[in-house]
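The values are calculated or read from the model by the stated rules, or taken from the named source; none is laboratory data. Being a predicted model, the structure only gives us computed values, none of them experimental. Heads up, the Cβs are rebuilt from the backbone with ideal geometry, glycines too, and the neighbour counts pull from every protein chain shown.
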């Protein structure tokens, strides 16, 4: 049975120094299926329904994963598969994540030059 894949989207703004780029990450969570599970594989794509890129090198043992490689202005599609000694499950439901473009930094040092 497919479980809900829950997306929590987190923007990580680099605000200490103006020259640091702003980054983003997608924090994903899912419910465990019944049965013996050794881990999970998470797949991401920029094409809906096509999942050939696995994000993790070894099975994920937690029910969450942070994808810190997302790019602002890009739309991603994710599925998760349960893993056991026999192999992988079918895909979970697919979710869509639209990574927003970061706002520009605020102008600084506004001042009056003259009054005429």
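When residues of region 46-58 are filtered for being surrounded by fewer than 17 Cβ atoms within 10 Å (Cβ to Cβ) and more than 14 Å from the chain's Cα centre (by Cα), how many remain?
Within region 46-58, residues that are surrounded by fewer than 17 Cβ atoms within 10 Å (Cβ to Cβ) and more than 14 Å from the chain's Cα centre (by Cα) number 7.
Give the residue that is farthest from residue 73 (Cα to Cα), with candidates limited to residues of region 20-31 that are part of a loop (DSSP other than H, G, I, E, B) and modelled with pLDDT of 50 or more. Don't jump to the end; show me each part of the working.
Step one: of region 20-31, the residues part of a loop (DSSP other than H, G, I, E, B) are 20-22, 31.
Next cut, modelled with pLDDT of 50 or more only: 22, 31.
Working: 22: 12, 31: 28 Å.
So, considering only residues that are part of a loop (DSSP other than H, G, I, E, B) and modelled with pLDDT of 50 or more, the one farthest from residue 73 (Cα to Cα) is 31.
Any idea which of 79, 70 is within 20 Å of the chain's Cα centre (by Cα), within 21 Å of residue 24 (Cβ to Cβ) and not in a strand (DSSP E or B)? Give the derivation first.
Working: 79 fails: not in a strand (DSSP E or B).
Answer to the check: 70.
Does region 5-19 include one or more residues that are assigned to a loop (DSSP other than H, G, I, E, B), out of contact with any helix residue (DSSP H, G or I) (no Cβ under 7 Å at 6 or more places or on another chain), modelled with pLDDT under 95 and under 28 Å from residue 84 (Cβ atoms)? Talk me through it step by step, then tell me what you get.
Of the residues in region 5-19, the ones assigned to a loop (DSSP other than H, G, I, E, B) are 13-19.
Narrowing further to those that are out of contact with any helix residue (DSSP H, G or I) (no Cβ under 7 Å at 6 or more places or on another chain): 13-19.
Going one step further and asking which of them are modelled with pLDDT under 95, we end up with 13-19.
Restricting the remaining residues to those that are under 28 Å from residue 84 (Cβ atoms) gives none.
Within region 5-19, not a single residue is assigned to a loop (DSSP other than H, G, I, E, B), out of contact with any helix residue (DSSP H, G or I) (no Cβ under 7 Å at 6 or more places or on another chain), modelled with pLDDT under 95 and under 28 Å from residue 84 (Cβ atoms).
Residues in region 91-105: is at least one without any contact (Cβ under 8 Å) to a residue 24 or more places away in the chain, part of a loop (DSSP other than H, G, I, E, B) and surrounded by fewer than 12 Cβ atoms within 10 Å (Cβ to Cβ)?
Yes.
What number of residues within region 32-67 are more than 12 Å from residue 92 (Cβ to Cβ), in a strand (DSSP E or B) and touching a residue at least 40 places away in the same chain (Cβ under 8 Å)?
3
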